[in-house]
1. I'd like to know if the stretch 47-57 contains one or more residues that are farther than 29 Å from E129 by Cα, modelled with pLDDT under 95 and assigned to a loop (DSSP other than H, G, I, E, B).
2. Specify which of the listed residues (G29, G69, G39) is without any contact (Cβ under 8 Å) to a residue 60 or more places away in the chain, within 24 Å of R130 (Cα to Cα) and out of contact with any strand residue (DSSP E or B) (no Cβ under 8 Å at 6 or more places or on another chain).
3. Any idea which residue in the stretch 5-22 is farthest from M42 (Cα to Cα), counting only those that are without any contact (Cβ under 8 Å) to a residue 40 or more places away in the chain and of a type in the set (D, E)?
4. Out of I82, I17, I71, I95, I need the residue that is of a type in the set (A, V, I, L, M), in contact with a Leu (Cβ under 6 Å, 6 or more places away or on another chain), surrounded by 13 or more Cβ atoms within 10 Å (Cβ to Cβ) and in the same structural domain as R130 (by TED's automatic domain parsing). Which one?
5. Taking D123 and the conditions (1) surrounded by 15 or more Cβ atoms within 10 Å (Cβ to Cβ); (2) of a type in the set (D, E, K, R); (3) out of contact with any strand residue (DSSP E or B) (no Cβ under 9 Å at 6 or more places or on another chain), which numbered condition does it fall short on, given that it satisfies the others?
6. Can you pull out every residue in the stretch 81-114 that is part of a helix (DSSP H, G or I) and either touching a Gly at 6+ places or on another chain (Cβ under 7 Å) or without any contact (Cβ under 8 Å) to a residue 40 or more places away in the chain (or both)?
7. Working only within the stretch 99-111, note down all residues that are in contact with a helix residue (DSSP H, G or I) (Cβ under 8 Å, 6 or more places away or on another chain) and either closer than 15 Å to I71 by Cβ or hydrophobic (A, V, I, L, M, F, W, C) (or both).
Amino acid sequence: MTIEDHIVFIVDDDESIREALSELLASHGMRAAAFGSGGDYMSADKPDYPACLILDVELPDINGLDLQGQILETYHPPIVFITGHGDIPSSVRAIKYGAVDFLTKPFSDVDLMSGVRTAIELDRKNRKERYELNTLSERFHGLTRREKDVFPLVVSGLLNKQAAAELGISEVTLEIHRRNVMKKMGAASFADLVRIAGRLKIPITHSRHTGRN
(Lines give C-alpha, C1' and ligand atoms only; values in the text may rest on other atoms or scores of the structure.)
Protein backbone atom coordinates (compact mmCIF):
# COMPACT_ATOMS: atom_id res chain seq x y z
CA MET A 1 0.00 0.00 0.00
CA THR A 2 1.61 3.25 -1.16
CA ILE A 3 0.64 6.83 -0.39
CA GLU A 4 -0.30 7.43 -4.03
CA ASP A 5 -2.96 4.73 -4.31
CA HIS A 6 -5.31 5.48 -1.42
CA ILE A 7 -6.63 8.27 0.77
CA VAL A 8 -8.25 8.59 4.19
CA PHE A 9 -10.98 11.19 4.73
CA ILE A 10 -11.36 12.57 8.24
CA VAL A 11 -14.58 14.33 9.26
CA ASP A 12 -14.45 15.76 12.79
CA ASP A 13 -15.32 19.22 14.10
CA ASP A 14 -12.38 19.18 16.55
CA GLU A 15 -9.34 20.65 14.79
CA SER A 16 -6.90 19.08 17.25
CA ILE A 17 -8.30 15.63 16.50
CA ARG A 18 -8.15 16.25 12.75
CA GLU A 19 -4.51 17.26 13.06
CA ALA A 20 -3.62 14.35 15.34
CA LEU A 21 -5.26 11.81 13.07
CA SER A 22 -3.62 13.33 9.98
CA GLU A 23 -0.21 13.07 11.64
CA LEU A 24 -0.87 9.49 12.74
CA LEU A 25 -1.88 8.49 9.24
CA ALA A 26 1.12 10.26 7.72
CA SER A 27 3.43 8.35 10.08
CA HIS A 28 2.02 5.16 8.56
CA GLY A 29 2.50 6.39 5.00
CA MET A 30 -1.16 7.30 4.45
CA ARG A 31 -2.47 10.45 2.83
CA ALA A 32 -5.34 12.23 4.59
CA ALA A 33 -7.88 14.93 3.75
CA ALA A 34 -9.63 16.48 6.75
CA PHE A 35 -12.99 18.27 7.03
CA GLY A 36 -14.67 20.08 9.91
CA SER A 37 -18.25 19.24 8.96
CA GLY A 38 -20.35 16.79 7.02
CA GLY A 39 -21.27 19.49 4.53
CA ASP A 40 -17.63 20.29 3.79
CA TYR A 41 -16.93 16.62 3.15
CA MET A 42 -19.97 16.14 0.91
CA SER A 43 -19.21 19.23 -1.22
CA ALA A 44 -15.48 18.53 -1.67
CA ASP A 45 -13.96 17.10 -4.82
CA LYS A 46 -12.51 13.72 -3.93
CA PRO A 47 -9.78 11.78 -5.75
CA ASP A 48 -10.89 8.48 -7.21
CA TYR A 49 -8.74 6.22 -5.03
CA PRO A 50 -9.50 3.38 -2.65
CA ALA A 51 -10.39 5.18 0.57
CA CYS A 52 -11.58 5.09 4.14
CA LEU A 53 -13.85 7.62 5.86
CA ILE A 54 -13.12 8.33 9.52
CA LEU A 55 -16.38 9.89 10.63
CA ASP A 56 -17.24 11.53 13.95
CA VAL A 57 -20.77 10.86 15.17
CA GLU A 58 -21.25 14.32 16.69
CA LEU A 59 -20.84 16.93 13.95
CA PRO A 60 -22.05 20.56 14.04
CA ASP A 61 -24.27 20.28 10.97
CA ILE A 62 -25.38 16.65 10.93
CA ASN A 63 -25.22 13.50 12.99
CA GLY A 64 -22.60 11.17 11.54
CA LEU A 65 -25.06 8.28 11.53
CA ASP A 66 -27.51 10.37 9.52
CA LEU A 67 -24.73 11.23 7.08
CA GLN A 68 -24.04 7.52 6.69
CA GLY A 69 -27.72 7.06 5.85
CA GLN A 70 -27.61 9.81 3.22
CA ILE A 71 -24.70 8.28 1.33
CA LEU A 72 -25.88 4.66 1.47
CA GLU A 73 -27.43 4.89 -1.99
CA THR A 74 -24.22 6.20 -3.56
CA TYR A 75 -20.76 4.70 -3.79
CA HIS A 76 -18.82 5.77 -0.71
CA PRO A 77 -15.72 4.67 1.23
CA PRO A 78 -16.15 2.19 4.06
CA ILE A 79 -16.59 4.08 7.34
CA VAL A 80 -14.75 3.93 10.65
CA PHE A 81 -16.86 5.82 13.19
CA ILE A 82 -15.30 7.68 16.10
CA THR A 83 -17.24 9.21 18.98
CA GLY A 84 -16.84 10.62 22.45
CA HIS A 85 -20.24 9.30 23.53
CA GLY A 86 -20.62 5.78 22.23
CA ASP A 87 -23.65 3.66 22.99
CA ILE A 88 -24.75 0.20 21.91
CA PRO A 89 -27.76 1.25 19.75
CA SER A 90 -25.59 3.69 17.77
CA SER A 91 -22.81 1.15 17.23
CA VAL A 92 -25.31 -1.53 16.18
CA ARG A 93 -26.92 0.88 13.69
CA ALA A 94 -23.55 1.90 12.27
CA ILE A 95 -22.32 -1.68 11.79
CA LYS A 96 -25.70 -2.80 10.43
CA TYR A 97 -25.41 -0.26 7.62
CA GLY A 98 -21.88 -1.23 6.70
CA ALA A 99 -19.44 0.57 9.01
CA VAL A 100 -16.13 -1.25 9.45
CA ASP A 101 -15.70 -0.19 13.07
CA PHE A 102 -17.18 2.02 15.80
CA LEU A 103 -14.53 3.41 18.16
CA THR A 104 -15.12 5.36 21.37
CA LYS A 105 -12.66 8.14 22.22
CA PRO A 106 -10.04 7.79 23.51
CA PHE A 107 -9.18 4.88 21.22
CA SER A 108 -5.79 3.32 20.60
CA ASP A 109 -3.73 4.05 17.51
CA VAL A 110 -3.57 0.31 16.89
CA ASP A 111 -7.37 -0.05 16.82
CA LEU A 112 -7.82 2.93 14.54
CA MET A 113 -5.13 1.86 12.08
CA SER A 114 -6.53 -1.66 12.01
CA GLY A 115 -9.95 -0.29 11.07
CA VAL A 116 -8.49 2.06 8.46
CA ARG A 117 -6.47 -0.68 6.76
CA THR A 118 -9.47 -3.00 6.75
CA ALA A 119 -11.64 -0.26 5.23
CA ILE A 120 -9.15 0.58 2.48
CA GLU A 121 -8.72 -3.07 1.48
CA LEU A 122 -12.49 -3.50 1.50
CA ASP A 123 -12.89 -0.45 -0.73
CA ARG A 124 -10.20 -1.77 -3.07
CA LYS A 125 -12.11 -5.06 -3.33
CA ASN A 126 -15.46 -3.28 -3.81
CA ARG A 127 -14.03 -1.09 -6.57
CA LYS A 128 -12.61 -4.11 -8.39
CA GLU A 129 -15.97 -5.89 -8.21
CA ARG A 130 -17.82 -2.78 -9.35
CA TYR A 131 -15.46 -2.37 -12.32
CA GLU A 132 -15.89 -6.01 -13.29
CA LEU A 133 -19.68 -5.75 -13.01
CA ASN A 134 -19.74 -2.58 -15.12
CA THR A 135 -17.62 -4.36 -17.74
CA LEU A 136 -20.01 -7.31 -17.82
CA SER A 137 -22.99 -4.97 -18.05
CA GLU A 138 -21.43 -3.16 -21.02
CA ARG A 139 -20.77 -6.49 -22.72
CA PHE A 140 -24.36 -7.56 -22.15
CA HIS A 141 -25.71 -4.35 -23.64
CA GLY A 142 -23.50 -5.02 -26.66
CA LEU A 143 -25.37 -8.24 -27.45
CA THR A 144 -27.91 -8.26 -30.25
CA ARG A 145 -31.57 -8.55 -29.36
CA ARG A 146 -31.64 -12.22 -30.38
CA GLU A 147 -28.49 -12.95 -28.37
CA LYS A 148 -30.17 -11.40 -25.33
CA ASP A 149 -33.10 -13.79 -25.93
CA VAL A 150 -30.75 -16.77 -26.15
CA PHE A 151 -28.66 -15.90 -23.07
CA PRO A 152 -31.26 -16.76 -20.35
CA LEU A 153 -32.36 -19.89 -22.16
CA VAL A 154 -28.81 -21.19 -22.42
CA VAL A 155 -27.88 -20.56 -18.78
CA SER A 156 -31.16 -22.14 -17.66
CA GLY A 157 -29.69 -25.46 -18.76
CA LEU A 158 -32.06 -26.12 -21.65
CA LEU A 159 -30.99 -28.37 -24.47
CA ASN A 160 -30.32 -26.60 -27.76
CA LYS A 161 -33.46 -28.10 -29.29
CA GLN A 162 -35.57 -26.87 -26.36
CA ALA A 163 -34.12 -23.35 -26.51
CA ALA A 164 -34.49 -23.30 -30.30
CA ALA A 165 -38.14 -24.37 -30.03
CA GLU A 166 -38.74 -21.64 -27.46
CA LEU A 167 -37.51 -19.03 -29.92
CA GLY A 168 -38.85 -20.61 -33.08
CA ILE A 169 -35.42 -20.97 -34.68
CA SER A 170 -33.30 -23.89 -35.83
CA GLU A 171 -30.79 -25.63 -33.57
CA VAL A 172 -27.99 -24.54 -35.91
CA THR A 173 -29.02 -20.88 -35.57
CA LEU A 174 -29.37 -21.30 -31.79
CA GLU A 175 -25.84 -22.72 -31.58
CA ILE A 176 -24.43 -19.77 -33.55
CA HIS A 177 -26.11 -17.32 -31.17
CA ARG A 178 -24.90 -19.31 -28.14
CA ARG A 179 -21.29 -19.18 -29.35
CA ASN A 180 -21.62 -15.44 -29.99
CA VAL A 181 -22.97 -14.89 -26.48
CA MET A 182 -20.08 -16.86 -24.97
CA LYS A 183 -17.51 -14.90 -26.97
CA LYS A 184 -18.99 -11.44 -26.40
CA MET A 185 -19.46 -12.03 -22.66
CA GLY A 186 -15.88 -13.31 -22.31
CA ALA A 187 -17.04 -16.64 -20.92
CA ALA A 188 -14.44 -19.42 -21.07
CA SER A 189 -16.96 -22.15 -20.29
CA PHE A 190 -20.65 -22.82 -19.72
CA ALA A 191 -20.07 -22.65 -15.96
CA ASP A 192 -18.38 -19.27 -16.43
CA LEU A 193 -21.40 -18.02 -18.41
CA VAL A 194 -23.73 -19.18 -15.63
CA ARG A 195 -21.66 -17.24 -13.07
CA ILE A 196 -21.79 -14.14 -15.28
CA ALA A 197 -25.57 -14.49 -15.57
CA GLY A 198 -25.81 -14.67 -11.79
CA ARG A 199 -23.76 -11.49 -11.34
CA LEU A 200 -25.95 -9.70 -13.89
CA LYS A 201 -29.11 -11.14 -12.32
CA ILE A 202 -30.20 -12.64 -15.65
CA PRO A 203 -33.53 -14.37 -14.89
CA ILE A 204 -33.74 -18.12 -15.34
CA THR A 205 -36.13 -19.06 -18.14
CA HIS A 206 -38.06 -22.34 -18.00
CA SER A 207 -38.98 -23.76 -21.39
CA ARG A 208 -42.57 -24.42 -22.30
CA HIS A 209 -41.20 -27.19 -24.49
CA THR A 210 -39.48 -29.25 -21.77
CA GLY A 211 -40.23 -32.89 -22.18
CA ARG A 212 -41.31 -32.67 -25.84
CA ASN A 213 -39.67 -34.89 -28.44
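The values are calculated or read from the model by the stated rules, or taken from the named source; none is laboratory data. Quick caveat: nothing in here was measured; it's all calculated off a predicted structure. Heads up, the Cβs are rebuilt from the backbone with ideal geometry, glycines too, and the neighbour counts pull from every protein chain shown.
1. So far as the stretch 47-57 goes, no, none of its residues is farther than 29 Å from E129 by Cα, modelled with pLDDT under 95 and assigned to a loop (DSSP other than H, G, I, E, B).
2. G69
3. Of everything passing the filter in the stretch 5-22, E19 is farthest from M42 (Cα to Cα).
4. Of I82, I17, I71, I95, the one residue that is of a type in the set (A, V, I, L, M), in contact with a Leu (Cβ under 6 Å, 6 or more places away or on another chain), surrounded by 13 or more Cβ atoms within 10 Å (Cβ to Cβ) and in the same structural domain as R130 (by TED's automatic domain parsing) is I82.
5. It fails just one condition, (3).
6. Residues satisfying the conditions are I88, P89, S90, S91, V92, R93, A94, I95, K96, V110, D111, S114.
7. A99, V100, F102, L103
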